[in-house]
Every structure is written in structure tokens, then in C-alpha cells.
Amino acid sequence: MKVTWKLADGSEIHADVAPGTTLKDAGLDNGVPHILGECGGSMSCGTCHVVVAPDWVAAAGAPGEFEDAILDTTEAPRQPASRLSCQLEMRDALDGIVLFVPEP
Ligand code: FES
């Protein structure tokens, strides 16, 4: 399943990601800058912050209450479509998803 990360400099990283893989792990596996995942996916660091592209917001869904709170602590300012990529697991509905990687 396909994922595209768009970087602030206009470049893109594309990857094939297996179902069930978090998009934080996929970002780390593919060397996506600024995806650090320092807490290992336990929703406490905010270093896996991404912004979901407009066409994918509905499929990605809204953050849960705790994720929502952590999104207020991310280094790059939060945006309306911000998510923690450790909370996005690859599944059929997200095949092709495009994520913006904000500059801290
Ligand atoms: S990896 Fe720490 S909040 Fe996602």
C-alpha cells in the first residue's frame, strides 16, 4: 500500500507500506526527516507529527482525545489536519495517503 510524504522543501518520499504498520514506523523505515517517534508510539512525544492532505482527512479520521492533547505540544505548530502518525495504521482505506511533514 502506498504512502507519500511531502517535505517542506517540495520533495517527496514514496513507500510501499504493509497493512497494520503505523505510519510512524513507515516514516522511520523510509528515513522521512522530522519523523522521530521518540516515545516509540506511546503517544507522549509528538515527534511523529504529520499533516494529512485534504483529500485524505476523512479516511484518516479525527484524533482521539489524548492524541488531540498531545497535538497541542508538537514542535511545529498544529494545523487542522494534524495527526500523530503513530496513531495511523496502514489499512485499505489509507492506501495512497499523502502526508505533509511540517518543519519543526
Ligand atoms: S511516536 Fe511519540 S507520539 Fe507518536
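For segment 1-71, give me every one of the helices (runs of 4 or more DSSP H) that falls completely inside it and has 1 or more residues that are in contact (Cβ under 8 Å) with a residue 40 or more places away in the chain and within 23 Å of D92 (Cβ to Cβ). Before you say what the answer is, go through the steps one by one.
Working: elements: 23-29, 57-60, 65-71.
Of the helices (runs of 4 or more DSSP H) lying wholly inside segment 1-71, those with at least 1 residues that are in contact (Cβ under 8 Å) with a residue 40 or more places away in the chain and within 23 Å of D92 (Cβ to Cβ) span 23-29.
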Kindly check whether there is at least one residue in segment 54-63 that is within 16 Å of the ligand (Cβ to nearest atom), closer than 15 Å to I35 by Cβ, at pLDDT 95 or above and not small (G, A, S). no
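The values are calculated or read from the model by the stated rules, or taken from the named source; none is laboratory data. Values in this document were obtained by computation on a predicted structure and should not be read as measured data. Heads up, the Cβs are rebuilt from the backbone with ideal geometry, glycines too, and the neighbour counts pull from every protein chain shown.
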